[in-house]
């Protein structure tokens, strides 16, 4: 696998934020934006070569932050001086990467709450396509083209995306693009496109918003939890998940992450584990991260036939990467078979270990009503309680 590199751009002055410190060194609930921007990089499973680009007078402060976040691994993180403009800061960061790096992600420290999952997704898509990849969100507002204060026309928002970072590229192509110029461009994808290369857009993440103004900083603070005299007060979030699968006598039954011999299985792109899938939806819902279909869709062959534990582990990683701690999960199975009671404790032990928090499981029938009462399938309903991670 190609070596992954990440350039974290933190050289901006952040005048619109209105503080006395450069933006990346402004504190957000007890940690600098740079510190929070770096933390997800150490949640990525593969080795990552990291370069932090800062103003020259902030280099030592940046090194202190790197040591605090990375510990001994911080010795392998380079801190380099930026340029007068973002374009030249990125160019300096790219030049500091080693020859072993083939795929690079360029990330703005101002997007300090970006979860690790988004870095993984962008890197994976660069490797899959061999092209540039940027995350983007659909534009919700109606967009007008304006001239001299007058609304001239409505722009088709279905063709628009609000672009975020990290933006990913094959390193050699991006280096060539930067050497070719393009300093008038506003982001790395524009520099890359101007050199004649293709750029794909994948789904972004609401947490990857850019902290530009004092209002943005207050928004980020609210997401992490408000401070009081005793420290961080964790904010609670709840979510609900529902999943349904039909019985399929040709398949083995996997439910709650375990195999049930001599029981009728469940239909589905994966193993049909409605119980595990409902838990995933509840966790994703509570974290504001969408749903299992959007995160692990049936179009992805990597999840064909996958067991429930695969989805639960991946979901827990997403939730934690978004800055949440899981407090507990409760799930109820509705169906005629299997009888949960004999193996309830076993299922609870496994799921509790996977989630890293208490998981309680219950079961009921529907008194002969509906598809579950007719013995056509199983429904599972889950709730999850999350709190913001400690600062």
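Cut-off 10 angstrom, C-alpha nodes, Gaussian network model of the chain. Which of 146, 69, 90 fluctuates the most?
Looking only at 146, 69, 90, the largest GNM fluctuation is found for 146.
Could you give the nm distance between label points at residue 263 and residue 146, where each point is 7 Å from its Cα heading toward the beta carbon?
5.9 nm
Residue 202 versus residue 240, label points 7 Å from Cα toward the beta carbon: distance in nm?
3.2 nm
Calculate for the chain the 222 nm mean residue ellipticity that helices alone would give, adding -39,500 (n - 2.57) per DSSP H run of length 4 or more and normalising by residue count, nearest 500 deg cm²/dmol.
Working: 12 runs with 117 residues, N = 391.
Value at 222 nm, helices only: -8500 deg cm²/dmol.
Quick check on the chain: of the DSSP beta bridges with both residues there, what percent are antiparallel, nearest 5%?
Details: 43 of 71 bridges.
Antiparallel bridges: around 60 percent, rounded to the nearest 5.
Counting pairs of Cα atoms in the range 232-388, how many percent are more than 24 Å apart? Mind showing how you got there, number by number?
Working: 3479 of 12246 pairs.
The proportion of pairs with Cα distances above 24 Å equals 28 percent.
Report the extension gain between residue 57 and residue 160 in nm, rounded to one decimal, defined as 0.36 nm multiplied by the number of residues separating them, less their alpha carbon distance.
33.2 nm
Take the alpha carbon gyration tensor of the range 46-93, find the square roots of its eigenvalues, order them as a ≥ b ≥ c, and report rounded if a/c is under 1.5; if not, report prolate when a/b exceeds b/c, else oblate.
In terms of gyration-tensor shape, oblate.
Cα axis of helix 86-95 to longest principal axis of the chain: angle in degrees, 0 to 90, nearest 10?
80 degrees
Please list, in order, the residues from the range 1-43 whose amide nitrogen is less than 16 Å from a point placed 7 Å along the Cα→Cβ vector of residue 212.
12-19, 23-24
Anyone know which of 64, 184, 153 comes out most mobile in the 10 Å Cα GNM of the chain?
153
Between residue 81 and residue 128, with labels modelled 7 Å along Cα→Cβ, what's the label distance in nm to one decimal, could you check?
Here the answer is 4.2 nm between the modelled labels.
Considering only DSSP beta bridges whose two residues both sit in the range 232-388, what percent are antiparallel, to the nearest 5?
Beta bridges within the range 232-388, antiparallel portion: roughly 80 percent.
Can you sort 158, 236 so the residue with the fewest Cβ neighbours within 10 Å comes first? Intermediate results must be reported in sequence, preceding the final value.
Working: 158 8, 236 12.
Ranking 158, 236 by Cβ neighbours within 10 Å, fewest first, gives 158, 236.
Compare 84, 37, 276 in a GNM of the chain, Cα atoms joined below 10 Å, and give the one with the largest fluctuation.
Looking only at 84, 37, 276, the largest GNM fluctuation is found for 84.
Evaluate E = 1/(1 + (r/R0)^6) for residue 317 and residue 153, where r is the Cβ-Cβ distance and R0 equals 45 Å; express this FRET efficiency to the nearest 0.05.
Approximately 0.55, to the nearest 0.05.
Quick one: order 221, 360 by neighbouring beta-carbon count within 10 Å, fewest to most. Write down the numbers at each step before the final one.
Details: 221 16, 360 13.
Lowest count first: 360, 221.
Rank by packing, highest mean first: peptides 362-370, 282-290, with packing defined as the count of other Cβ atoms within 10 Å averaged across residues.
282-290, 362-370
By what distance, in whole Å, do the Cα atoms of the range 3-224 stretch along each of the three principal axes, largest value first?
Between the extreme Cα coordinates on each principal axis of the range 3-224 lie 56, 38, 32 Å.
In whole Å, what is the distance between the alpha-carbon centres of the range 251-268 and the range 105-135?
Measuring centre to centre over Cα atoms gives 36 Å.
Whole angstrom only: what separates the Cα centroid of the range 313-390 from the Cα centroid of the range 166-207?
42 Å
Enter the angle in degrees (range 0 to 90, nearest 10) between the Cα long axis of helix 274-287 and the first principal axis of the Cα atoms of the chain, meaning the one along which they spread out most.
Rounded to the nearest ten degrees, it is 40.
Of 371, 169, 311, 209, how do they rank once you tally other Cβ atoms within 10 Å and put the fewest first?
371, 209, 311, 169
To the nearest 10 degrees, how steeply does helix 116-129 sit against the main Cα axis of the chain, on a 0 to 90 scale?
Orientation of helix 116-129: about 80 degrees from the principal axis.
Here are a few candidate values for volume of the Cα convex hull per residue in Å³: (i) 145; (ii) 164; (iii) 184. Which one was actually calculated from the structure I just gave you?
(iii)
Readers should treat all values here as calculations from the given coordinates under stated rules, not as data from a laboratory. Here the structure is a predicted model, which means the values were calculated and not measured. With ideal geometry, Cβ positions are generated from the backbone for all residues, glycine too; neighbour counts draw on all protein chains shown.
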